[in-house]
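First the structure, in the form of structure tokens, and then the observations on it.
Bear in mind that the values in this text are calculations on the coordinates, not laboratory data. Small disclaimer: the values here were computed from a predicted structure and weren't measured. All Cβ positions, glycine included, derive from the backbone under ideal geometry; neighbour counts span all protein chains shown.
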Amino acid sequence: MSAINGPTGDAEHGFDNQHGVDNQQGFCDQHGSVAAELALALPAVALTLLLGAGALGAAAQQVALQDAVADAARLLGRGESEAAAHATVAASSADARMSSAARGDLICVSAQLDAQVGRLISIPLSASSCALSGGK
């Protein structure tokens with residue numbers, strides 16, 4: 001009772017051999033699987049992008065901290081006050097902890113900071129720099 005409709009397949013039962021698809025259901029089943037795959041992959045992609053942006057932010061904080069520590073070491077090397085050096089480091093990050101020490105002809109400054117990536121990840125950053133003391 002089935003009439004073959006040329007090379008395309010069985011027209012009565014809705015099968016299309018040329019495209020390998022059941023005409024009654026079409027591609028609807030495949031659209032559902034694509035949506036499910038997207039629903040699974042999208043959070044992973046979003047998390048990767050957010051972590052990458054957080055890592056770039058932490059790298060930028062590291063560069064700013066290193067620059068501030070170098071400036072603070074030069075200030076102390078010129079005989080400026082400890083408060084001026086602290087203010088320089090605090091300008092790069094208010095949460096940074098700074099310490100300084102004399103090492104022979106050098107004055108060295110170190111600073112530490114905990115960079116936050118989101119709410120859960122904390123990356124400890126540190127920077128240090130030395131400058132000749134007594135330089136004007």
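Dipole of the stretch 73-117, Cα-centred, from +1 at each Lys and Arg C-beta and -1 at each Asp and Glu C-beta, to the nearest 20 debye?
On the way: 4 positive and 5 negative charges, 25 e Å.
Computed charge dipole of the stretch 73-117: roughly 120 debye.
I need the calculated FRET efficiency for the pair LEU51 and ASP105, taking r as the beta carbon distance and R₀ as 35 Å, to the nearest 0.05.
Details: r = 43 Å, r/R0 = 1.24.
It comes out at approximately 0.20.
Can you order the peptides 37-44, 69-76 by their average number of other Cβ atoms within 10 Å per residue, highest first?
Working: 37-44: 9.5, 69-76: 22.4.
So the peptides 37-44, 69-76, ranked by packing, come out 69-76, 37-44.
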Mind checking the dipole of the stretch 27-132: about its Cα centre, +1 per Lys or Arg Cβ, -1 per Asp or Glu Cβ, Debye to the nearest 20?
240 debye
With labels modelled as points extended 7 Å from the Cα through the Cβ direction, what inter-label distance (nm, one decimal) is found for LEU40 paired with SER126?
4.4 nm
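Please report, in cubic angstrom per residue, the volume enclosed by the convex hull of the alpha-carbon atoms of the stretch 27-132.
About 94 Å³ per residue, rounded to a whole number.
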